[in-house]
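Just so it is clear, none of the values below were taken in a lab; they were calculated from the coordinates. Just so you know, these numbers come straight off a predicted model, no measurement behind them. Please note: Cβ atoms are built from the backbone with ideal geometry, for glycine as well, and neighbour counts cover all protein chains shown.
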Amino acid sequence: MTEILVWVLFAISFDLIFGYTGLLSFGQALFFGLGGYAVAIPILKLGAGTGTGLLLSVLIPALFAVIVGYFSVKLSGIHFVIITIIFALIGSTLGETWAWLTGGADGLVFTAPPIELGFFQLDPADIKSTYYLVLTVTALSYLFLSRLVRSPLGKVFVAIRENEERARLIGYDVQFHKLLSFVIAGGLSGLAGGLYTVALKYASATFLHWSISGHAVVYAIVGGGGTLIGPVLGAGLIMSLEHYLVNLLQATDLVVGAVLVSMLLFAPRGIIGILQGRRK
Amino acid sequence: MAEGIGSGVILNLAKVSKSFGGLMAVNYVNLSVRKGELRALIGPNGAGKTTLLNLITGIHTATSGKVLFKGEDITRLSPDRISRKGISRTLQVTSLFPGLTVYDNVWAAVQSRKTFFNPFVRAERWADVREKTEAMLELTGLSGKAQTVCSELSYGDQRILEMGIALSTEPDLLLLDEPTAGLSTQESIGLVKRMRALLSGRTILLVEHDMGVVMELSDRITVLHYGEVLAEGSPSEIMESEEVRKVYLGT
Amino acid sequence: MLILKDVDCFYGKGQVLNGTSLEVGEGELVGLVGRNGVGKTTTLKAVMGLIPAKNGSVRFCGRNIAELPPYQVPRMGISYVPQGRHLFPKLTVRENLEIACVEGKADSARMEEIFGYFPRVKERLTQKAGTLSGGEQQMVAIGRALIASPRLILLDEPTEGLMPLLVQSIAESVKAINEKGTSILLVEQNLKILKEICRRIYIMEKGAIVYEGTSSEIDAAMDVQERYLSVKV
Amino acid sequence: MASNLAVAIVNGIVWGLIMALIALGLNLIFGLLHIINMAHGALYMLGAVAAWYFIELTGNYWLALAAAPILVGGIGLALERGLLRTIEDKPLVTIICTFGIMLALQQLVLMYFGGTARRIALPVAARFPLFDLQYPAMRVIIAAISVVVMGGLWLFLNKTRYGLWMRGVVQDREMAVALGIPVHKVYMWTFVLGSFLAAFSGVLAAPIVSVDFMMGREILIMAFIIVIVGGLGTLWGSVVTAVMISLIQGVGSIFVVPSTATVFSLGFMILVLLVRPQGLLRAPCSRTRERGPGSSWRSAASSRRWPRSPSSRTFSTRPS
């Protein structure tokens, strides 16, 4: 359940750049993985607290997103997809190489120290507490994003998705707003990665691999991009599907791939699209 | 050109050229538009009319020469900067936000004049933007269709909306690229009627093939041919010009 | 032979053809003229099936070709020379000609006939089409249309952007091709050329045919010329 | 040292030629269908896996080399006919769709083939001396076969009618239709040919590398890099780049850690994307790009300075 919530957060952060701003990034894994390290390394090497770690798991990936985004948003379409994959690849290659820092493919195993919130104590070692922690953070992020997409800023993002040229001609700095959206999404992807590591007590270079980004893509598409509730549904549905199928026939990716492809062909607006269609 | 660069000139192109590879699309063009006038730009296909608009709005950058707007050099600015300086335009091929409602289309344009976007504020709270949006919908006669998704509008309404969006940025100079393209004669007449109300008192540079529209609306006409200014004058002068007729009839 | 009846065509939502009807008879050379953007090119593309005709019918030799998949239309015996030539720039001239023989090898007699009209094409056979001059490209484009032995050729502004001397020579070639029995529908902005070589001329305005007459009739009808073709209203 | 270097160079060339075949398939598919085929690596993997089964059955590598690519070509045919046809004109959707296909194919192989890596014995065991080492002759044979296939591909494209059609469709799709070329059939066979090439290189690579269900994943990215650096749509660029990159990596890893070499090549690739997105080995301005903006004809090449960006808009999440 905790895991589903993490993927929900990852999926909605991806949906901000894909569903709202219209940029297909296959590089979100970079920020996801970085977020993981941003939690694990300070705790392990510097003795930092979990709260600090989670804060860093937003800031550090966001910082990287500024750099990566600065170059990436200059490109569009296919070239954008490819450049984000490459950045993620550089990340995972370095992650595997710098084992002294990252533990390489074996990863870093650590215990997150309890979070002191005045009278209230939250111990990540306890599964239930972790669950509530992840639930709270994800819910807050969801609220933040739903506010964001309804704000004037959100309208700019959507305008860029719908027609970049027109947005530019009415005076929006398209490049800047794309970058902004990329950075916000990067920060939240990092947060998802951070929570994932806290829950798993483990950070690894495999989280940086570009194919991890595929999860977010799948959830957002299947659920319905361009809405926030869509990716939530998508993540929930696919994760539970996987959960059941693992015992049945061990063919999770096969089903995921099949669901993804059939969604693209028959319901390009995802589950949300199907639901809305029925209501009409 | 007798009027020269007087105080009333808002846009001034000085010896502007643009080449694509070896092709000179715009060749050494001088053009000045006065505040408040409606200037039409005509010429056969490939004469460089749209390219000229692209140069003014920063979509292309001139190979040589200067574009001055309100006395300021805007030759090398990006399209969004130029738009914020006060130039707005419509495109020949309708360019809207197809998935958004008519209301949001106009909203996005009105909102663009603001500078800071607080991500925590609901867009609807901005009363001034709302008022301007509604006023523009009223002006374009699209109020009744405000909640229609723009891709479902009729083509004529899309053309009007395109103009509405361009006007929502409150431009000092409006460039119209073939507003009646793709409309039947009947629809064109309707559009021109509505344009009158929309455009009165504004400074406009109009590219148009439909000579009826041009004659109806314009104060002055500039004729482009092979990227060069062939003639400039009042509508009646242009009508009588031997040279212009030659270009159009090939005689 | 070719009959368009009440054809409507749209680009997205914009209506470009608005009930266009015209006819080209067997062996005829028909002109189509009109100002920019009135739908001349679209008419040709509608015949070729490149833009679907929404309403009305496009009949060729009695068959409704609007229902065919676009690549079948040329196989019915219609060739198309688009505005701007649209040769394949990275293919040689010979390849540009050969590619048009979709059903079988290039007939060498046919090749010779093309060289007869345009000797320059023969000299350039091994050159890449993209390196040719505008006039040479036009010759290859017409040659490419001829090679499949079509019964009808649609020619879109063949003289556009050419030197006056070349304009005359292209016009003469067009006339010669027609005299050998191939029907031609010629779109032009240059009324003078049309009047010289076409017997019958259509004038188009806002997606519809507004006038039809022989070249001498058009010559006499100054008001029509003024109204639809010149800058006067 | 000399022998190490010599082996690195020969290995680099051999591997580069295999990579070139993979990249050629990817590039062909992109050039014609404008599809970024994320499943290309999986097709390569399928080729190797199918070869393993054929060898288990018949014990004959050469038979596998002939049969496996045909089988995978058939799969490619089914994919194009069944799935990709309907979404061909939406580049971003095809990326996601082929990504889904990749997941599914990998999983299928995992189910039936298992997760463990397997090896295929060298069908030609002979070795020849290279300085003071014994170099397996099979690798040279593999390189030779790649060259022959590439030559065959060149002949196909330049000397046959279908090849001529394919080159025509790449340059001007609408005109090709107007000349009566059945563009959709050309698309289909291009995809089949691309799949065939991917699988063929999979079989070629099988005796050198270990065969497992993930073997296509990294290869896919390498192939992307090659195609982009060499120039999308520029076939010979892919070949040159493949051999070059493979040589640099091979020789480079004698001197530095392999991952450093990888990071550098990735960084180089980003530079190429930003500075010359049309690829290093492509003429900066082709004729089609020079055509003025007045042309009503939809030009295949889009200008970078002002991207009209059909790709970013075609994937609208709302109906349009």
### Summary
Partner shielding of B:99-112, taken as the mean number of other chain Cβ atoms within 10 Å, equals 5
#### Entry: DSSP-defined antiparallel bridges as percent of all bridges, the protein assembly as shown, nearest 5
60 percent
### Task
Can you tell me how much longer the chain between C:GLU103 and C:GLN127 gets when fully stretched, taken as 0.36 nm per residue apart minus their C-alpha distance, in nm with one decimal?
6.2 nm
### Task
Give me a single rounded figure for C:139-149: the average over its residues of other chain Cβ atoms within 10 Å of their Cβ.
1
#### Entry: All lysines inside 22 Å of A:LYS201 as judged from Cα atoms, apart from same-chain residues fewer than 8 positions distant
A:LYS45, A:LYS128
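Using the structure shown, select from C:LYS13/C:LYS192; C:LYS5/C:LYS180; C:LYS40/C:LYS180; A:LYS74/C:LYS54; A:LYS74/C:LYS128; A:LYS74/A:LYS155 the pairs with a Cα to Cα distance greater than 31 angstrom.
In this structure, C:LYS13/C:LYS192; A:LYS74/C:LYS54; A:LYS74/C:LYS128 lie more than 31 Å apart at Cα.
Count, for each residue of C:80-91, the Cβ atoms from other chains sitting within 10 Å of its Cβ, then give me the mean as a whole number. Working shown, then result.
On the way: counts 5, 1, 6, 5, 7, 1, 11, 4, 11, 7, 7, 5.
Averaged over the peptide's residues, the number is 6.
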### Query
Under 13 Å Cα-Cα from B:LYS145, which aspartates and glutamates qualify once same-chain neighbours fewer than 8 residues away are excluded?
B:ASP104, B:GLU134, B:ASP157
### Query
Considering the dipole of the protein assembly as shown built from charges on the beta carbon (Lys and Arg +1, Asp and Glu -1) around the Cα centre, which of C:VAL224, B:LEU175, A:GLY273 is farthest to its positive end?
A:GLY273
### Derived scalar couplings ³J(HN,Hα) [the stretch B:74-89; Karplus, 6.51 cos²θ - 1.76 cosθ + 1.60; whole Hz; x for Gly, Pro]
10, 3, 10, 7, 7, x, 5, 5, 4, 4, 6, 6, x, 10, 10, 8
### Summary
Computed for the stretch B:97-183: size of charge dipole around the Cα centre, +1 on C-beta of each Lys and Arg, -1 on C-beta of each Asp and Glu, debye to nearest 20, value 320 debye
### Nearest-0.05 FRET efficiency for A:ARG147 and D:ARG118, computed from C-beta distance (R0 35 Å)
0.05
### Query
HN-Hα J couplings of the stretch B:43-58 from phi, Karplus 6.51/-1.76/1.60, θ = phi - 60°, integer Hz, Gly and Pro as x?
x, x, 3, x, 7, x, 5, 5, 4, 4, 4, 4, 5, 5, 8, x
### Query
What are the lysines whose alpha-carbon lies under 27 Å from the alpha-carbon of B:LYS70, with same-chain residues fewer than 8 places away excluded?
B:LYS15, B:LYS18, B:LYS35, B:LYS49, B:LYS85, B:LYS114, B:LYS132
### Task
Taking just the C-alpha trace of chain C, give me its Rg and Dmax in Å.
17.2, 52
### Query
How big is the charge dipole of the protein assembly as shown about its Cα centre, in debye rounded to the nearest 20, if each Lys and Arg gets +1 on its Cβ and each Asp and Glu gets -1 on its Cβ?
520 debye
### Task
Be a star and scan the stretch A:43-71 for residues whose amide nitrogen sits under 16 Å from the point 7 Å along the Cα-to-Cβ vector of A:LEU140.
A:49-60
### Query
To the nearest 500 deg cm²/dmol, what mean residue ellipticity at 222 nm is calculated for chain C from DSSP H runs of n ≥ 4 alone, each contributing -39,500 (n - 2.57), summed and divided by the residues?
-9500 deg cm²/dmol
### Task
Could you pull out every residue, at least 5 positions away or on a different chain, whose amide H is within less than 5 Å of the one on D:TYR135? Hs are placed 1.01 Å off N in the peptide plane, and Pro or chain starts have none.
D:PHE128, D:LEU130
### Query
What are the extents of the Cα atoms of the stretch C:84-149 along their three principal axes, listed from largest to smallest and rounded to whole Å?
27, 22, 20
### Query
Zone of B:SER154 (label point 7 Å along Cα→Cβ, backbone N under 19 Å): which residues in the stretch B:168-182?
B:179-182
### Summary
So, with points 7 Å from each Cα along the Cβ direction, the D:HIS184-C:LYS54 label distance in nm works out to 2.3 nm
#### Entry: All-pairs alpha carbon distance profile, the stretch A:2-210, 5 Å steps from 0, percent
1, 8, 16, 20, 18, 14, 10, 7, 4, 2, 0
### Task
Please report the Cα spread of chain B along all three principal axes, rounded to whole Å, starting with the longest.
59, 40, 36
### Task
Specify the residue with the greatest mean-square fluctuation among B:ILE189, B:ILE82, B:ILE74, computed from a Gaussian network of chain B linking alpha-carbon atoms under 10 Å apart.
B:ILE189
### Task
For every helix of n ≥ 4 consecutive DSSP H residues, a contribution of -39,500 (n - 2.57) applies; sum these over chain A, divide by its total residues, and give [θ] at 222 nm rounded to the nearest 500 deg cm²/dmol.
-24000 deg cm²/dmol
### Task
For chain A, set up a Gaussian network in which alpha carbons nearer than 10 Å are linked by springs, and say which option among A:HIS243, A:HIS209, A:HIS177 fluctuates the most.
A:HIS243
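If each DSSP helix of 4+ residues adds -39,500 (n - 2.57) and the sum is divided by the residues in chain D, what number results at 222 nm, nearest 500 deg cm²/dmol?
-23500 deg cm²/dmol
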### Query
³J(HN,Hα) across the stretch A:81-96 via Karplus (A = 6.51, B = -1.76, C = 1.60, θ = phi - 60°), whole Hz, x for Gly/Pro?
4, 5, 5, 5, 4, 5, 4, 5, 5, 4, x, 6, 5, 5, x, 6
### Query
If you find the alpha carbon centre of the stretch A:127-167 and of the stretch C:66-124, how far apart are they in angstrom?
56 Å
### Task
Quote the Stokes-Einstein diffusion coefficient, in whole µm² s⁻¹, for the stretch B:137-251, based on the Kirkwood radius over alpha carbon pairs, a temperature of 25 °C and a viscosity of 0.890 mPa s.
157 µm²/s
### Query
With springs only between Cα atoms under 10 Å, which of A:PHE87, A:PHE144, A:PHE157 fluctuates most in a Gaussian network model of chain A?
A:PHE144
### Task
Give, in whole angstrom and from largest to smallest, the semi-axes √(5λ) of the equivalent ellipsoid of the stretch D:1-133, with λ running over the eigenvalues of the Cα gyration tensor.
32, 20, 13
### Query
At q = 0.11 Å⁻¹, what is the log10 ratio I(q)/I(0) for the stretch D:2-317, with the Debye formula run over Cα points and no solvent?
-0.71
### Query
What area, in nm² and to one decimal, does the C-alpha convex hull of the protein assembly as shown cast on average over all directions?
46.8 nm²
### Estimated inter-spin distance, D:ASP89 and D:VAL256, nm [label 7 Å along Cα→Cβ]
4.6 nm
#### Entry: Cα centre as origin, Lys/Arg/Asp/Glu Cβ charges: the stretch B:120-251 dipole, Debye
460 debye
#### Entry: Contour excess over end-to-end distance, with Cα ends at C:GLU172 and C:LEU68 and 0.36 nm allotted per residue
34.1 nm
